[in-house]
Amino acid sequence: MTTLIDDRRVRARDASPARYFYFHMALACAATAFLGFAPTYWVPLAHRTFSASPVIHFHGLLFFTWSLYFVLQTWLAASGRVVNHRSLGIAGVSLATAMTIFGFLASVHVMQHSAALGQKDAGIAFSIVPMSGIAFFAVVFVLAIMNTRRPEVHKRLMLLAAVSILDAAIARWFLTFLAPPGPPGPPPVPVTIAPAVVASLLLVVAMVRDWRTEGRVHPVYITGTLALLAVKVLNWPVSETAAWHSFAGGILALAQ
């Protein structure tokens, strides 16, 4: 029995260099999340010049914790600590559930803030961006959990989920360095498309890696990337429909 266990450890260790790709991708996601929010959240927070509701702070804490959790999980898998990786999976389910709840609450808070600024319609239109984003993350995460016994699918879905929530961080750099100064309030929905495209470049890196090592791109990346970009692009026309304004406006009315 000891020999069998040792043999498994050796095989896991020998196979780990290939799996370190996902660890490096997780580090890239965490760095993107931290650096993206540094100008508008982390630096002002450190200087005690940032003020926001507890919902926004807890939302930020959960999402950044997810970045660190993803790094830890990919490291455990890469180093052959599969048992530990699976044990922490329960914590990931709880964390993702909390992220979904507070992502929705943060979306409602933004609508309330916009209404207080006299930009109710703009806030309702923009709410489709965070709501569709957290919905996409939740769906992909559930699919990843359903495919834990198919590691080649599972790890790609987890990477897709991590990348899908990076557009908000990248958008902060667009707003900080490219957007002209203007009145407070939500930005137009179309400006959120470009950050999503930039975030999806991480998936392109994963596709290239698949092509070079497997000779083909895994269907998860192809379907997932197309679905992700479709959601981001369709946010624009859907946000202008009466149906969306009725739906999100109803949520806002219940929250007030």
Check: How many residues does segment 120-140 hold that are surrounded by 22 or more Cβ atoms within 10 Å (Cβ to Cβ) and either more than 25 Å from Phe247 (Cα to Cα) or among the polar types (S, T, N, Q) (or both)?
Finding: 1
Checklist line | First in segment 106-119 and open to solvent by less than 50 Å² (accessible area, probe 1.4 Å), second anywhere and at pLDDT 95 or above and not in a helix (DSSP H, G or I), Cβ under 7 Å, 6 or more apart | finding: Ser107/Ser127; Met111/Ser127
Checklist line | Residue pairs meeting the criteria (Cβ under 7 Å; at least 6 apart or on separate chains; first farther than 21 Å from Val142 by Cα and acidic (Asp, Glu), in segment 206-230; second open to solvent by less than 40 Å² (accessible area, probe 1.4 Å) and at pLDDT 95 or above) | finding: Asp210/Val217; Asp210/His218; Asp210/Tyr221
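If you check Gly123, Gly133, Gly185, which single one turns out to be of a type in the set (Gly, Ala, Ser), assigned to a loop (DSSP other than H, G, I, E, B) and in contact with a Ser or Thr (Cβ under 9 Å, 6 or more places away or on another chain)?
On the way: Gly123 fails: assigned to a loop (DSSP other than H, G, I, E, B); Gly133 fails: assigned to a loop (DSSP other than H, G, I, E, B).
Going through Gly123, Gly133, Gly185 in turn, the sole match is Gly185.
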Note to self: Looking at segment 209-241 only, could you name the residues that are over 20 Å from the mean Cα position of the chain (by Cα), among the β-branched types (Val, Ile, Thr) and exposed (fewer than 12 other Cβ atoms within 10 Å of the Cβ)?
What the structure shows: Thr213
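Just name the residue that is most open to solvent (accessible area, probe 1.4 Å) out of those in segment 25-82 that are part of a loop (DSSP other than H, G, I, E, B) and closer than 24 Å to Thr176 by Cα. Show your work before the answer.
In the first step, residues of segment 25-82 are kept if they are part of a loop (DSSP other than H, G, I, E, B); the result is 47-53, 79-81.
Those left that are additionally closer than 24 Å to Thr176 by Cα: 47-53.
Details: His47: 129, Arg48: 219, Thr49: 103, Phe50: 63, Ser51: 107, Ala52: 38, Ser53: 28 Å².
Filtering first and then ranking leaves Arg48.
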Item checked: Matching residues in segment 161-188 - criterion: being modelled with pLDDT of 95 or more and farther than 13 Å from Ala33 by Cα -> Ala161
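The values are calculated or read from the model by the stated rules, or taken from the named source; none is laboratory data. This is a predicted model, so every value here is computed, not measured. Don't worry about glycine lacking a Cβ; one is built from the backbone with ideal geometry, like all the others, and counts go over all protein chains shown. To get the accessible areas, we keep the full protein, side chains included, count just its heavy atoms, and leave off ligands, DNA and RNA. Shrake-Rupley method; radii C 1.70, N 1.55, O 1.52, S 1.80 Å.
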